[in-house]
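Novice: Okay, handing you the structure first.
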Amino acid sequence: MPIDCPLPILLRLPSWLGDLVAAEPIARALHGALAAEGRAGALSLAGPEALLPLFEGRFPGSPRLAHRGRGAENLAAFRGHGTALLLTGSLRSAWLAWRAGIPERIGLLRDGRGPLLTRGHRPARAAGRGIPLWPPRPALPRPVGQAYAELLPYLGLSLADAEPRLELSPAAEQACLGRLQSLGLEPGQPYLLASVGGRPGSAKALDADRAAALLGPLGAELGLPLVLTGAPPEAAEVAAVAARLAARGQPPRLAFGAGSSTLPELIGLARSAALFVGTDSGARHVARAAGAPTLALLGPMDGRHSAEHGRRERTLSLGLECQPCGRERCPLSGAAERRCLRGFTPEDLLPAARELLALPRTRPRARGAPGLAPGAGAAPGAP
């Protein structure tokens, strides 16, 4: 069934790396449907300049509309589109689509932006633990990828394959092979890829001492060389972890990208890794979508946010009474501060790590598979 909305389509992509990974099936489905009609150019992908390289070499024929940082979108670039599909939750993105005169504006209802949308959708809420009066916790939504998928029926489409899949262009793949060799790794040599994750001080980040105490023994027990990776803003944190590992006699290999090469390099490193270990960070979502067996340590976040992708991933949580708080900064102090991550030991990680290593290795499906099923009828809950 052809897409049922005014063309061209502006797909406003999320501004967070993990959410952008979850949006890949939506972009793949829209591009596949339009490309099948010879109209791939009728889809524009709009998002942060630093994150769009995640889709390098993907979705040929669809223009990119990049902006630098949040709130820096170009209003003129929004004009001329017939439909805006907004995967962001901000009031500003809806206002820009309205201000640009886009006739059809589709998105999730939040932040009071309903009047700016022509079709607003409120995703179902997840059942789960009760929400106490104190400390306050927001109601838990369904996994973000499911919320995005619920928007496609408004365009006459639905998803047959909702699992994010990240791929590399041939040139990027060759560059990543060279990067592995520069780290002293031979093609096909297994290794443990790890990210300490998150901004310094974030409740989702492992501090350097705990990261070294976990990753050093884990790599040694599994018999795998350790490769540490991180985004450029995390360089100081990764260097601190590396210094502590070196002091333990377990110096890791360091893998850093720079500029627009960062995300393709991370995809390549994950595709070749025997196992990825990290916290609930963007790197975790990239690694999983690139095909790496993934072990995620959940601190303040609730695993149901990403529960739809569990076949080659294991998540670990200490199950403390304060989890999940969903906070960026831990409100506790002293020995209790960030204990949801600091409390992990290598022995906690080993069973899940061995289970993942025993799984048969698969690669993401070949490029060009759209993962699309024709929609039928009106969108669920459509106004």
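The values are calculated or read from the model by the stated rules, or taken from the named source; none is laboratory data. What you see is a predicted model; the values in this text were computed from it and never measured. Virtual Cβ from ideal backbone geometry, glycine too; neighbours counted across all protein chains shown.
Novice: Going through the range 176-185 one residue at a time, which ones are surrounded by fewer than 17 Cβ atoms within 10 Å (Cβ to Cβ) and either outside the structural domain of ARG311 (by TED's automatic domain parsing) or touching a residue at least 40 places away in the same chain (Cβ under 8 Å) (or both)?
Specialist: Across the range 176-185, the qualifying residues are LEU177, LEU183, GLY184.
Novice: Let me spell it out: the conditions are (1) modelled with pLDDT of 90 or more; (2) under 15 Å from the mean Cα position of the chain (by Cα), and GLU308 meets all of them except one. Which number is the exception?
Specialist: So the condition that GLU308 fails would be (1).
Novice: Residues to consider are GLY38, GLY18; find the one that is part of a helix (DSSP H, G or I) and not hydrophobic (A, V, I, L, M, F, W, C).
Specialist: The match here is GLY18.
Novice: Would the range 53-64 turn up any residue that is within 22 Å of the chain's Cα centre (by Cα) and on the phi > 0 side of the Ramachandran plot?
Specialist: Checking the range 53-64: at least one residue is within 22 Å of the chain's Cα centre (by Cα) and on the phi > 0 side of the Ramachandran plot.
Novice: Scanning the range 186-238 for residues that are outside any loop (DSSP other than H, G, I, E, B) and among the acidic types (Asp, Glu), which turns out surrounded by the fewest Cβ atoms within 10 Å (Cβ to Cβ)?
Specialist: Taking the candidates together, the pick is ASP209.
Novice: Moving on to the next point. Among the residues of the range 84-100, which ones are at pLDDT 95 or above and either closer than 27 Å to GLU167 by Cα or of a type in the set (Lys, Arg) (or both)?
Specialist: ALA84, LEU85, LEU86, LEU87, ARG99 - these are the residues of the range 84-100 that are at pLDDT 95 or above and either closer than 27 Å to GLU167 by Cα or of a type in the set (Lys, Arg) (or both).
Novice: Could you tell me which residue of the range 41-84 is surrounded by the fewest Cβ atoms within 10 Å (Cβ to Cβ), considering only residues that are without any contact (Cβ under 8 Å) to a residue 40 or more places away in the chain and in a helix (DSSP H, G or I)?
Specialist: Filtering first and then ranking leaves ALA76.
Novice: If you don't mind, another one. Looking at GLY101, is it assigned to a loop (DSSP other than H, G, I, E, B) and assigned by TED's automatic domain parsing to the domain that holds LEU157?
Specialist: Judged against the criteria, GLY101 is a match.
Novice: Here's another thing I want to ask about it. Please verify whether ARG327 is closer than 27 Å to GLU221 by Cβ, surrounded by 14 or more Cβ atoms within 10 Å (Cβ to Cβ) and assigned by TED's automatic domain parsing to the domain that holds LEU193, treating the condition exactly as stated.
Specialist: No.
Novice: May I ask you to list the residues in the range 144-162 that are assigned to a loop (DSSP other than H, G, I, E, B) and either touching a helix residue (DSSP H, G or I) at 6+ places or on another chain (Cβ under 7 Å) or without any contact (Cβ under 8 Å) to a residue 60 or more places away in the chain (or both)?
Specialist: ASP161, ALA162
Novice: So, in the range 151-165, exactly how many residues are in contact with an Asp or Glu (Cβ under 7 Å, 6 or more places away or on another chain) and at negative phi?
Specialist: 4
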